[in-house]
Amino acid sequence: LALEIGMICNAATLKEESRRDKGRSRSAAWTVLGDPTDGSLLVLGVKGGIDPRELRRRLAVVAERPFDPMRRRMSVVAENNGVLHSYVKGAPAAILERCTHIRIGGRTEPLTQAHRLRIEQQVSGYARSALRVIALAYRPLPADGNDSEAWEQRLVFVALTGLFDPPREEAARAIAKARRAGIRTIMLTGDHPETARAIGRLVGLAGGGDDVVTGAEIDGMDDSSLREVLGRVSCFARVSPVQKLRIVRTLKEAGELVAMTGDGVNDAPAVKEADIGISMGRTGADVTKEASDMVLADDNYATIVAAVEEGRGIYENIRKFIRYLLGCNAGEVLSMLAALLAGLPLPLLPLQILWMNLVTDGLPAIALGVDPGDEHIMQRGPRPVGEGIFARNLWKRIVVSGTVIGGSTVLVFALALRLRPGMEEWARTLAFTTLVVSQLLYAFVCRSEERTVWEAGPLANRYLVGAVLVSFAMQLAVVYWSPLAAVFRTVPLDAADWLLVAVACVWGYAVEWVARTVRTRLWRRLAWVRVA
């Protein structure tokens, strides 16, 4: 009887498909279409030997009241051997309060207080084992059966079912990763508080005795109290759609950026209200998908965390791209401006500047746009919503780097003119090469704002390494290949010239590395003194 109630009071279907096993033979594969909870009850009945099609023929469904999160139950009226019966399933508390009898050993007996206590104890035991508990009941109806309120009154309690819906293996790791990234995960469920607590412990959300708050408790709180509870509790059970919406609004009023996930129709208001609404692609209702900003194709929380990591990486790569190009352009502009102010000839020709902007700068900049990123990117807090692209002193880094690159170029040019007066092409070739090489080295510096080139790994981005090598080879061609040298008006450089270029390109980054090392060690020393 319990299996039949679970199958007839059900909105899911089983679809049989044939598949080929390793290309040799065909076997049946079953797929659940519809709600997973209904699907599990359907599969349970099939495993118990009941054919769903034969059951539907034997029990002709007359009417139905679908599951409602507010009522927390579903009922179906079906004709069984000429008699109308109401079959009901739902949350144990919602079913038990409407039961007056109980089915035991094939007999129907009055439901006593002892029966109720035993059922409640069993529900709590199942819930502590992380089972989603569903109660099953029925009652014969009068011949007309038109009173829909009577469908769910004076019921006969039949059984409890325990559904184990285990978290995915990666869920706990994803939640821990999100926590390190400054993202707090809150679980809102309609399940029993003990079930919520057990699942919360499995995924690392619940711990203490007061770590679960129920929807009834939320109704008794004002906004201030709810805000305080939301700051310390991460598991909420027996939560209605209205309460979910209130939680989202309270978090937003507290200044939080809220992402809300949901699948059912009743989740749509909260998903719509959230800053980022996320719906389930497999089990989500169409209304919820329409109300959301994102749709999860695999219904996996870990995918959300992976998307956050990907988004952070893209944002950081945009900053690297901008830092590199603006820093290089600032170096070119400052070198030309400084030379003019110092009364020197132009250190660069227009064609040489065009060469750098179109060829030498372009490839490394593109490679920075696909940089694999910092492996510690998910160990930082979220950036403020209103943060601009030049925040965190990015513009200062651009100005300093541009000044170092431009200053080194002008110094090399001025020194070359002093060493060999009248040899402007040689001096200009030195300045041109110094500027190009400085920019190529600067590309590696732009890979990280917190770590040095060696700490970030100079070979971590193979595209950048390839782009720099190609750009450097093209620069060598401009200097040493006669047809290009004639076009760009350059002269070959000897070993001493390259030594001067290397010193001019490296000194600024060496000073920065020493300063950062000293600052880091001093900070660690001060921290040790404070701890001591």
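The values are calculated or read from the model by the stated rules, or taken from the named source; none is laboratory data. Remember, predicted model here, so these are calculated numbers, not experimental data. Heads up, the Cβs are rebuilt from the backbone with ideal geometry, glycines too, and the neighbour counts pull from every protein chain shown. The area values use the complete protein model at the heavy-atom level, side chains included, leaving out ligands, DNA and RNA. Shrake-Rupley method; radii C 1.70, N 1.55, O 1.52, S 1.80 Å.
Applying 1/(1 + (r/R0)^6) with r as the Cβ-Cβ distance of L163 and V385 and R0 = 25 angstrom yields a FRET efficiency of 0.05. Roll a 1.4 angstrom probe over the protein heavy atoms and tell me the percent of accessible area of region 307-361 that is carbon or sulfur. Taking all protein chains in place, region 307-361 shows 79 percent carbon and sulfur surface. When a 1.4 Å probe is rolled over the protein heavy atoms, the share of accessible surface on region 128-272 that falls to carbon and sulfur comes to 49 percent.
At a probe radius of 1.4 angstrom, the accessible area of region 319-443 per residue rounds to 44 square angstrom. Computed extension gain for W454 through L344, at 0.36 nm per residue and net of the alpha carbon distance, reaches 35.9 nm.
Counting only residues at least eight positions apart within a chain, or on another chain, the lysines with an alpha carbon under 24 Å from that of K244 are K89, K252, K272, K289. For the set T433, T13, solvent exposure ranked by accessible area (probe 1.4 Å, protein chains only) runs largest to smallest as T13, T433. For region 1-119, a Kirkwood radius taken over Cα pairs fed into Stokes-Einstein (20 °C, viscosity 1.002 mPa s) yields D = 132 µm²/s. Farthest towards the positive end of the charge dipole of the chain, among the residues L230, L188, P345, is the Cα of P345, using unit charges on the Cβ of Lys, Arg, Asp and Glu. Axis of helix 394-419 versus longest Cα principal axis of the chain: the two differ by about 20°, to the nearest ten degrees.
With a simple spin-label model that places each label point 7 Å from the Cα along the Cα-to-Cβ direction, the separation between E120 and T13 comes to 4.2 nm.
At an R0 of 60 angstrom, the distance between the Cβ atoms of A216 and L469 translates into a FRET efficiency of 0.35. Sequence-distant contacts, meaning Cα pairs under 8 Å at least 6 residues apart, place the relative contact order of region 32-177 at 21 percent. What's the angle, to the nearest 10 degrees (0 to 90), between helix 171-180's Cα axis and the longest principal axis of the chain? Around 50 degrees separate the two axes.
Placing a label point 7 Å from the Cα of A477 along the Cα-to-Cβ direction, the residues of region 433-457 whose backbone N falls under 20 Å of that point are 433-441. If you fit an axis through the alpha-carbon atoms of helix 462-480 and take the longest principal axis of the Cα set of the chain, what angle between them do you get, 0 to 90°, nearest 10? Between helix and principal axis, roughly 20 degrees.
Using C-alpha pairs under 8 Å with a sequence gap of at least 6, the mean separation divided by the residue count of region 118-229 gives a relative contact order of 28 percent.
Gain on full extension, evaluated as 0.36 nm per residue between V359 and E375 minus their Cα-Cα distance, stands at 2.8 nm. Counting only DSSP H runs of at least 4 residues, each contributing -39500 (n - 2.57), and dividing by the residue count of the chain, the helix-based mean residue ellipticity at 222 nm comes to -16500 deg cm²/dmol. Summarising the label geometry, the points placed 7 Å from Cα in the beta-carbon direction at L257 and R58 lie 5.7 nm from one another.
If one computes the Cα centroid of region 54-68 and of region 388-420, what distance in Å separates the two points? Going from one Cα centre to the other spans 78 Å. At full extension, M70 and K47 could sit 5.2 nm farther apart than now, given 0.36 nm per residue minus the alpha carbon distance. So if we plug the beta-carbon distance of A307 and A176 into 1/(1 + (r/R0)^6) with R0 = 25 Å, what FRET efficiency do we get, rounded to 0.05? According to the calculation, E is roughly 0.90.
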